[in-house]
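Enquirer: Have a look at the structure that comes next, please.
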Amino acid sequence: MSSIYADAKYQDVSQETKQSLFDQVKGDMRWHTTLYGCYECGICVASCPSARFYDFSPRVYAQIMAREDVSTFYELLNDSIWDCSQCFSCTRCPRQNNPGGIITIMREVAVKNGLESAKTALKAYSRIIYKVMSTGTQVSPDMLQPDFFPDWGPDVAAVSHNLNTWRRAIPPETLHTTSLAWDVSEQTQVELYLIWKMTGNLEIIENLDEGLFMILSEVMEEVLDDNGYQLDDVEVIDGV
Amino acid sequence: MAEIANCQFPEDLYYHGVNNVWARDNGDGTFTVGLTDIAQSLAGSIIHCKLTKQGKEIKKNKSLATVESGKWVGPVKSPFDGLVEEINAAVEATPTLVNKSPYKQGWVVRIRPANAAADLAEMKKGPDAIPVLKAYMEEKGMKECTHCEGFEA
């Protein structure tokens, strides 16, 4: 079956590859909670912020997945899934469909399989992935630089200039840091690193961004080594 | 000093086109390594620069430093197998030195390569490096270098 798109970009990709990825999405444990049948009322599209700004439609996901249109699924998997803002406004569906949830699963499949679209989409988030995986905290105060968060407005420049002072004005001492959202204990770091390794998340990063994997491994190796673990010896648990 | 689209390249240095680093022969069996003007431009204003440890045996293409800017984080990959004899603590204290003075004050480490000749064969020096650097810029869709913190020639 060919895609519904006249300008389909991935016609040369084998049907087996597309089917395998489609099956991974449908094999996800959350799949049965995402799609109950669509009568094309368009409420999901009407409520979708991404649909207002991009050539994006949550209804397409409900329709394509229900029809098992594997070719169009593959087009979406390599492009439009990254246009969704994951706000889940689409869950106001009168049939309780969850197009945003379908996209969550599709994104995870794209990431786990190291698809080029996932690499491109996540490139801009390398610093956030590094921060989450190395410290367990997400956006740290020193990340709020004017060139990275222009949408935060002109005040970002003034605040980033005196960041240390601003942070020290916050009463809890755990927040007197600019390179982390809050202080993280070494025990927490050790547990996090073991989780990333044992759940296979570190392997996924290796597939997506070799440079990021390199620096994360170094950080993890050092802390784990000090605590009696060898990163290479920690095994990935099957089936996670 | 050679120039491509506002990017500056001293002609006495070796350039590694893939790792985006330069190496200076110190004449005593050691090489100083740093980021190119292209690399500092792509990163933007650098906020953290965490260096490897002095005395570490480093493998080629492994990380000499982790560089973090507002929009990017990644490794500075070594062009040599060898021993890290000296690190530049000044760039840890003032990371924007890498932006402002990539070839002088912003150097990253000094390495004693195990087999310099073999590793240098993968690098280009002076005018020979220009086509490689140009190709890299084209591949990255880079129009010009930006000196967000000024530039010390």
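Enquirer: Quick test for you: out of A:70, A:25, pick the one residue that is β-branched (Val, Ile, Thr), surrounded by 15 or more Cβ atoms within 10 Å (Cβ to Cβ), under 11 Å from residue A:103 (Cα atoms) and out of contact with any Ser or Thr (no Cβ under 6 Å at 6 or more places or on another chain).
Expert: On the way: A:70 fails: under 11 Å from residue A:103 (Cα atoms).
Just a single option satisfies the conditions, and that option is A:25.
Enquirer: Now a separate question. Does residue A:113 count as within 14 Å of the chain's Cα centre (by Cα), more than 14 Å from chain B (Cβ to nearest Cβ) and surrounded by 14 or more Cβ atoms within 10 Å (Cβ to Cβ)?
Expert: Details: within 14 Å of the chain's Cα centre (by Cα): yes; more than 14 Å from chain B (Cβ to nearest Cβ): yes; surrounded by 14 or more Cβ atoms within 10 Å (Cβ to Cβ): yes.
Judged against the criteria, residue A:113 is a match.
Enquirer: Could I ask something else about it? Within region A:183-193, identify whether any single residue is under 25 Å from residue B:51 (Cβ atoms), within 14 Å of chain B (Cβ to nearest Cβ), surrounded by fewer than 17 Cβ atoms within 10 Å (Cβ to Cβ) and not aliphatic (A, V, I, L, M), and answer yes or no.
Expert: Scanning region A:183-193 turns up no residue that is under 25 Å from residue B:51 (Cβ atoms), within 14 Å of chain B (Cβ to nearest Cβ), surrounded by fewer than 17 Cβ atoms within 10 Å (Cβ to Cβ) and not aliphatic (A, V, I, L, M).
Enquirer: Continuing with this model, one more query. Residues in region A:204-240 that are under 15 Å from residue A:111 (Cβ atoms), surrounded by 15 or more Cβ atoms within 10 Å (Cβ to Cβ) and more than 14 Å from chain B (Cβ to nearest Cβ): how many?
Expert: Residues in region A:204-240 being under 15 Å from residue A:111 (Cβ atoms), surrounded by 15 or more Cβ atoms within 10 Å (Cβ to Cβ) and more than 14 Å from chain B (Cβ to nearest Cβ): 2 in total.
Enquirer: Check B:62, B:104, B:56 and return the single one that is away from chain A (no Cβ under 12 Å), surrounded by fewer than 21 Cβ atoms within 10 Å (Cβ to Cβ) and farther than 16 Å from residue A:130 by Cβ. Don't jump to the end; show me each part of the working.
Expert: On the way: B:62 fails: away from chain A (no Cβ under 12 Å); B:56 fails: away from chain A (no Cβ under 12 Å).
One residue alone meets the criteria, B:104.
Enquirer: I'd like to know if region A:148-156 contains one or more residues that are of a type outside the set (S, T, N, Q), within 14 Å of chain B (Cβ to nearest Cβ) and crowded, with 19+ Cβ neighbours inside 10 Å. If you could, list the steps in order and put the result at the bottom.
Expert: Initially, region A:148-156 is screened for residues of a type outside the set (S, T, N, Q), giving A:148-156.
Narrowing further to those that are within 14 Å of chain B (Cβ to nearest Cβ): A:148-152, A:156.
Adding the requirement that they be crowded, with 19+ Cβ neighbours inside 10 Å leaves A:148.
Scanning region A:148-156 turns up at least one residue that is of a type outside the set (S, T, N, Q), within 14 Å of chain B (Cβ to nearest Cβ) and crowded, with 19+ Cβ neighbours inside 10 Å.
Enquirer: Let me ask you something else. Tell me the strands (runs of 3 or more DSSP E) entirely within region B:1-69 that contain at least 2 residues that are within 23 Å of residue A:146 (Cα to Cα) and of a type in the set (A, V, I, L, M, F, W, C). Quick ask: steps written out before the conclusion?
Expert: Numbers: elements: B:2-4, B:7-9, B:14-16, B:21-25, B:31-35, B:46-51, B:63-69.
Ranges flagged: B:46-51.
Enquirer: Okay, next question. Would a scan of region A:13-20 turn up a residue that is surrounded by fewer than 14 Cβ atoms within 10 Å (Cβ to Cβ) and under 23 Å from the mean Cα position of the chain (by Cα)?
Expert: Going residue by residue through region A:13-20, those that are surrounded by fewer than 14 Cβ atoms within 10 Å (Cβ to Cβ) are A:14-17, A:20.
The next check asks that each one be under 23 Å from the mean Cα position of the chain (by Cα); those that pass are A:17, A:20.
Yes.
Enquirer: Can you name every residue in region A:111-154 that is among the small types (Gly, Ala, Ser) and closer than 20 Å to residue B:46 by Cα?
Expert: Filtering region A:111-154 down to residues among the small types (Gly, Ala, Ser) leaves A:114, A:117-118, A:121, A:124, A:126, A:134, A:136, A:140, A:153.
Those that are among the small types (Gly, Ala, Ser) and closer than 20 Å to residue B:46 by Cα: A:124, A:126, A:134, A:140.
Enquirer: Now, a different point. Among the numbered criteria (1) farther than 29 Å from residue B:148 by Cα; (2) touching an Asp or Glu at 6+ places or on another chain (Cβ under 7 Å), which single criterion is violated by residue A:213?
Expert: (1)
Enquirer: Under 11 Å from the mean Cα position of the chain (by Cα), surrounded by 22 or more Cβ atoms within 10 Å (Cβ to Cβ) and small (Gly, Ala, Ser) - does that describe any residue in region B:40-47?
Expert: Within region B:40-47, the first condition is being under 11 Å from the mean Cα position of the chain (by Cα), and the residues that meet it are B:40.
Still in the running and surrounded by 22 or more Cβ atoms within 10 Å (Cβ to Cβ): B:40.
The next check asks that each one be small (Gly, Ala, Ser); those that pass are none.
No - not one qualifying residue is present in region B:40-47.
Throughout, read-outs are computed from the coordinates displayed, never taken from laboratory work. Just so you know, these numbers come straight off a predicted model, no measurement behind them. Counting neighbours? That spans all protein chains shown, and the Cβs are built from the backbone with ideal geometry, glycine included.
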